[in-house]
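Here is the structure we will look at, set down as structure tokens.
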Amino acid sequence: EKNGYPHFMLKEIFEQPLVVRRILSTLERDKDKFIFEDIKNVDISWEKIRKVFIVGCGTSYHAGYYAKFLWEKELPYFIEVELASQMHHRNLNIPEETLFITISQSGETADVISTLRKVKENGFKVLSLVNNPQSTVARESDYFINLRAGVEIGVAATKTFMAELVYLELLKEYIKSRLYNIKIDLDKWNMLPTYLESYLSQIKDRVFEVAKKYYHKRNFLYLARGKNFPLALEGALKLKEISYIHAEGIPAGEMKHGPIALLDPETPVFGIVYKDETYSKMINNLEEAKARKAPIIAIGNEWDEKLESLVDDLIPVPNVDPFYYPYMGAMVLQLFAYHVANLLGREIDQPRNLAKSVTVE
Ligand code: M6R
């Protein structure tokens with residue numbers, strides 16, 4: 001069943017291009033716009049919505065947090081993201097024109113189910129992204145998008161995270177095309193699986209090499225800004241849950257408000273530093289880390305000499321359309337956590353104290 005891979009997690013990491021291809025195969029041209037299979041059953045008046053409230057746990061929460069940055073940049077909605085476990089303690093003074101989106105791989109996460117029921121009781125519509133169409137969340141939501149990632153066995157979510165990112169971005173493109181009558185660049189999407197495939201084979205040895213250099217460290221700080229920050233959270237979560245190494249995702253701008261005190265030569269910093277709107281501030285933050293002698297690993301653009309001279313280990317993304325970076329970066333973070341955990345001899349597919357589906361609040 002593992003197709004020759006030593007762990008399900010590694011198999012599932014390498015399945016990601018295929019998952020994306022499967023999702024994109026449900027896309028059809030609709031005159032000069034596009035439509036995808038599951039959206040046909042979603043009967044929402046997108047022009048009436050003012051607010052979108054996204055809820056999930058763990059990795060699914062990170063996907064929602066990432067989508068917040070994408071959506072609020074291009075859609076006329078106020079976007080809020082919350083952990084499902086925090087929703088118990090929130091007061092729903094929310095305007096009527098709010099759409100709830102819940103995200104859950106299993107569709108059985110107790111906190112997500114209770115949020116779903118609570119907001120439905122309050123009269124809101126819920127659209128869910130779920131990997132199991134038979135699950136409680138899928139059945140009880142008003143609208144449902146099947147993530148189509150296939151069964152995920154490793155406790156660490158990998159290919160379902162990819163499917164969540166893809167569907168959230170596709171959904172944004174779909175809404176944008178409907179609200180503004182804009183044509184969407186489908187060629188860019190169609191290249192995604194091929195790019196991910198070649199990127200995986202290009203970086204797999206490099207990531208292993210970097211993991212070998214750092215796997216004995218006991219603390220890692222993942223730094224990023226803006227839309228890259230949820231990816232830093234996800235990288236840190238992957239590392240801690242399967243390797244049992246303490247790892248934190250920190251918005252780089254917050255370092256000087258406290259966490260910078262943690263830096264020393266034993267605490268590697270893992271930066272996400274693409275040539276995007278966060279670049280120059282990220283470089284400053286990494287310079288501050290370097291001055292404290294922290295070893296620095298970074299995902300960044302290839303041929304970025306400035307970054308290369310600053311960091312100890314660069315894991316490059318090719319200089320393609322920035323649209324592709326988060327998808328590529330997510331795979332690097334997963335592979336890095338995998339190799340570190342494997343080098344430490346951890347139970348990768350079944351980490352201690354964790355269950356694949358969290359059915360208690
Ligand atoms: O099934 P869900 O997406 O609702 O699960 C949410 C979290 O329990 C899950 O993402 C968890 O954090 C993973 N083990 C992360 O890899």
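The values are calculated or read from the model by the stated rules, or taken from the named source; none is laboratory data. Keep in mind that what you see is a predicted model, and the values were worked out from it rather than measured. Quick reminder, even Gly has a Cβ in these numbers, built from the backbone with ideal geometry, and neighbours come from all protein chains shown. Calculation scope for accessible area: heavy atoms of the full protein, side chains included, ligands and nucleic acids excluded. Shrake-Rupley method; radii C 1.70, N 1.55, O 1.52, S 1.80 Å.
Measure off 7 Å from each Cα along the Cα-to-Cβ vector at F208 and E47, then give the distance between these two points in nanometres to one decimal.
5.5
Which percent of the accessible area of the chain is formed by carbon and sulfur heavy atoms (probe 1.4 angstrom)?
Carbon and sulfur: 48 percent of the exposed surface of the chain.
Which one, V130, F144, H216, is farthest towards the positive end of the dipole of segment 115-245 when Lys and Arg carry +1 and Asp and Glu -1 on their Cβ?
The residue sitting most towards the positive pole is H216.
Give me the distance in nm between label points sitting 7 Å out from Cα along the Cα-to-Cβ direction at A110 and A291, one decimal.
Roughly 4.8 nm, to one decimal.
Treating the beta-carbon of each Lys and Arg as +1 and of each Asp and Glu as -1, no other charges, what is the dipole magnitude of segment 175-293 about its Cα centre, to the nearest 20 debye?
Dipole about the Cα centre, nearest 20: 60 debye.
Under a GNM of the chain (C-alpha, springs under 10 Å), which listed residue has the highest mean-square fluctuation: V42, V81, V19?
Result: V42 has the largest fluctuation of those listed.
Give the accessible area for T136 in Å² (nearest 10); use a 1.4 Å probe, count only protein heavy atoms, and leave out ligands, DNA and RNA.
20
Search the structure for amide H atoms under 5 Å from the amide H of S128, placed 1.01 Å from N in the peptide plane, and list their residues when 5 or more places away or on another chain.
Those lying under 5 Å, H to H, from S128 are T102, Y143, F144, I145.
Dipole of segment 218-358 (Lys/Arg Cβ +1, Asp/Glu Cβ -1, origin at the Cα centre): which of P326, V273, L233 lies farthest to the positive side?
Selected residue: L233.
Mind checking which lysines have their C-alpha under 23 Å from K51, skipping anything on the same chain fewer than 8 residues away?
K40, K68, K73, K118, K120, K125, K172, K176, K227
Once you have a ≥ b ≥ c as the square roots of the Cα gyration tensor eigenvalues for segment 104-203, tell me rounded if a/c is under 1.5, and otherwise prolate or oblate according to whether a/b is larger than b/c.
Taking the square roots of the gyration eigenvalues as a ≥ b ≥ c, segment 104-203 is oblate.
Please list 182-195, 289-302, 67-80 highest first by mean number of surrounding beta-carbon atoms within 10 Å per residue.
Per-residue Cβ counts within 10 Å, averaged per peptide and sorted highest first, yield 289-302, 67-80, 182-195.
Select from the chain the helices, each a whole stretch of DSSP H, whose alpha-carbon atoms run 24 Å or more along the helix axis and whose Kyte-Doolittle mean is at least 0.5; answer none if there are none.
Correct list, ordered by number: 325-343.
If you place +1 on the Cβ of every Lys and Arg and -1 on the Cβ of every Asp and Glu, how big does the dipole about the Cα centre of segment 70-189 come out, in debye to the nearest 20?
180
Per residue, how much accessible surface does the chain expose to a 1.4 Å probe? Answer in Å², no decimals.
Each residue of the chain exposes 41 Å² on average to a 1.4 Å probe.
With +1 on each Lys and Arg Cβ and -1 on each Asp and Glu Cβ, how big is the dipole of the chain about its Cα centre, in debye rounded to the nearest 20?
Computed about the Cα centre, the dipole is about 240 debye.
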